[in-house]
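Participant: My questions will all concern the structure given below.
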2 protein chains.
Amino acid sequence: MSKPGSAPSLTQAERTALSDRAMIDAACTLLLEKGASGTTLAAIGERAGYSRGLATYRFGSKAGLFAAIGKAVSKRWLEVLNVEVGVKTGVDAMCAAIDAYARFVKASPDDARIQQVLFSEASSPTSESKELAVDTYRHQVRDVMAWLEQGIADGDVRADIDAHAEAVQFIAFLCGVTHLWLLVPDFVDFDAMRESAKQRLRRHLSSTQ
Amino acid sequence: MSKPGSAPSLTQAERTALSDRAMIDAACTLLLEKGASGTTLAAIGERAGYSRGLATYRFGSKAGLFAAIGKAVSKRWLEVLNVEVGVKTGVDAMCAAIDAYARFVKASPDDARIQQVLFSEASSPTSESKELAVDTYRHQVRDVMAWLEQGIADGDVRADIDAHAEAVQFIAFLCGVTHLWLLVPDFVDFDAMRESAKQRLRRHLSSTQ
DNA sequence: GTTTACTTGCTTGTTGTTAACAAGTAATAT
DNA sequence: ATATTACTTGTTAACAACAAGCAAGTAAAC
């Protein structure tokens, strides 16, 4: 509160929060435009209105910044998922997850694109974002597995399935659809896919044919 | 045939073929070890027994070399696929494709890994290998679609499906499974997945329940 | 209330690595 | 003998990462 007038007069904590956010926003824009390897730390800092060195200074490294972005995006997706799935279990929960994902991609396509770009990098043997991707997938598979096991316990899901294998295949399906959608957008119509995928799930997993 | 003894005395064409192969082999080894971004052109040339500059000289650029590798791997996969599918159509052809893929991954895991690493890079907006990946996927979807349409014509496949959407989902499923397998190998058991996936296909697509 | 010591947010200088290209050399083909 | 070809070495520009520095802010001492 020392300088009234021109300067906004922020506390130091507010300043870092502001510049962090500005750089994350800039990084997202550049990620969508030029991809991970085409995005430079200098460009991020400068587009955010700061110097070329700030991004490294704050996030330690390029991988550190990308990890922060990946974490934020994953968090937003999990919120959408939790709202849609709620307390559902079994095939209902999986169908809700499909709807949630279609909704997420429609409402926040940039988030979906960014997650896909960052997680694709994780395929590289030395990728530093590998851990985040692996943890995310592990978590998702565990959730789906729990839905299936509860569904079996409730008698809604066939008892002769391998819950883990089915969960992995379900997550793999969503991964693959996103991958193809990002690569060839006109190929994948999420709405057309939704009903077909849900029908397939029910036919395959429901105990009540 | 001028220098008997020490030098192997090869024609120029033989020499380039030899060095090209040596560099592609070296690049594959390094790709599996360190990923695409961790692999340097200098390391490729030197591991192949040549200078740091030869890889650039021959393939024009890093992307050019990777494209050559991607093309070679895709070609080998398509050969395996064609042998397994043969003249099958409809759901039978799709089941054969699943078997072929499981066989390919088991017989040539390195090929599968390399293809996955290279195609993952294609997710990047500025990727130069994007075109190859898109073409490959387009080709595969077209094939699956043709199988489905023939199956519908023959009365083996339900006539009320969207062949294109189903084909995209089938390819997406295979992409996703590979992606997860590369990222978390102990997660994905191709053999456990095979039967389940084939059963799901039949239940979903066959006209004869 | 003013001066002094310290912290913090950010910038600029620098280094090592890398892809890409250009210029060169020596072996091969004609 | 001359031209072509296979390959190497020199060089440049871009980049990530780090270190040193600067200026604005903050708190303590007098």
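Participant: If every alpha-carbon in the protein assembly as shown counts as one equal scatterer, what log10 I(q)/I(0) does Debye give at q = 0.07, 0.08, 0.12, 0.14 1/Å?
Facilitator: Once normalised to I(0) and log-transformed, intensities are -0.40, -0.51, -1.02, -1.29.
Participant: Determine the distance separating the Cα centre of the range B:147-209 from the Cα centre of the range A:43-83; give it in Å without decimals.
Facilitator: What the calculation gives is 37 Å, centre to centre.
Participant: Moving on to the next point. Run the reach check for A:Lys62 against aspartates and glutamates, Cα to Cα strictly under 16 Å, same-chain hits fewer than 8 apart removed. What comes back?
Facilitator: Within the straight-line limit of under 16 Å, A:Lys62 reaches these aspartates and glutamates: A:Asp20, A:Asp25, A:Glu46, A:Glu121, A:Glu128, A:Glu131.
Participant: Sticking with this structure for a sec: About the Cα centre, and with charges only on the beta carbon of Lys, Arg (+1) and Asp, Glu (-1), how big is the dipole of chain A? Nearest 20 debye, please.
Facilitator: So the dipole magnitude of chain A works out to roughly 680 debye.
Participant: With only Lys, Arg, Asp and Glu charged, each at its Cβ (+1 for the first two, -1 for the last two), find how big the charge dipole of the range B:9-94 is about the Cα centre; round to the nearest 20 debye.
Facilitator: For this selection, approximately 260 debye.
Participant: Who wins for biggest fluctuation among B:Thr11, B:Thr126, B:Thr178 in a Gaussian network model of chain B, springs between alpha carbons below 10 Å?
Facilitator: Checking each option, the largest mean-square fluctuation is seen for B:Thr11.
Participant: Hey, which of these cross-link pairs are over 23 Å Cα-Cα: A:Lys198/B:Lys198; A:Lys71/B:Lys130; A:Lys75/A:Lys198; A:Lys106/A:Lys198?
Facilitator: A:Lys71/B:Lys130; A:Lys75/A:Lys198
Participant: For the rotation that superimposes chain B on chain A, which residue of B has the C-beta lying nearest to the axis, and at what distance in Å?
Facilitator: For chain B, the closest residue to the axis carrying it onto A is B:Gly176, 1.
Participant: For chain A, what does -39500 (n - 2.57) per DSSP helix run (n ≥ 4), summed and divided by total residues, give at 222 nm, in deg cm²/dmol to the nearest 500?
Facilitator: -25500 deg cm²/dmol
Participant: Same structure again: Arrange B:Leu10, A:Leu148, A:Leu118 by Cβ neighbour counts within 10 Å, fewest through most, would you?
Facilitator: Least crowded to most crowded, the residues run B:Leu10, A:Leu118, A:Leu148.
Participant: I'd like the orientation of helix B:130-154 relative to chain B: the angle between its Cα long axis and the longest Cα principal axis, in ° from 0 to 90, rounded to 10.
Facilitator: The helix B:130-154 is inclined about 30 degrees to chain B.
Participant: Here's another thing I want to ask about it. At 25 °C and a viscosity of 0.890 mPa s, what translational diffusion coefficient does Stokes-Einstein give for the range B:1-139, taking Rh as the Kirkwood radius over Cα pairs? Give it in µm²/s as a whole number.
Facilitator: Translational diffusion coefficient: 146 µm²/s.
Participant: Report relative contact order for chain A in percent, whole number only (criteria: Cα-Cα under 8 Å, sequence separation at least 6).
Facilitator: It comes to 17 percent, rounded to a whole number.
Participant: Continuing with the same structure: Using the Cα centre as the reference, give the magnitude of the dipole from point charges on the C-beta atoms of the protein assembly as shown (Lys, Arg: +1; Asp, Glu: -1; all else neutral), rounded to the nearest 20 debye.
Facilitator: That gives the protein assembly as shown a dipole magnitude of about 1260 debye.
A short reminder: the numbers here are calculations on the coordinates, not readings from a lab. Everything numeric in this text was worked out from a predicted model, so none of it was measured. Positions of Cβ are backbone-derived with ideal geometry, glycine not excepted, and every protein chain shown enters the neighbour counts.
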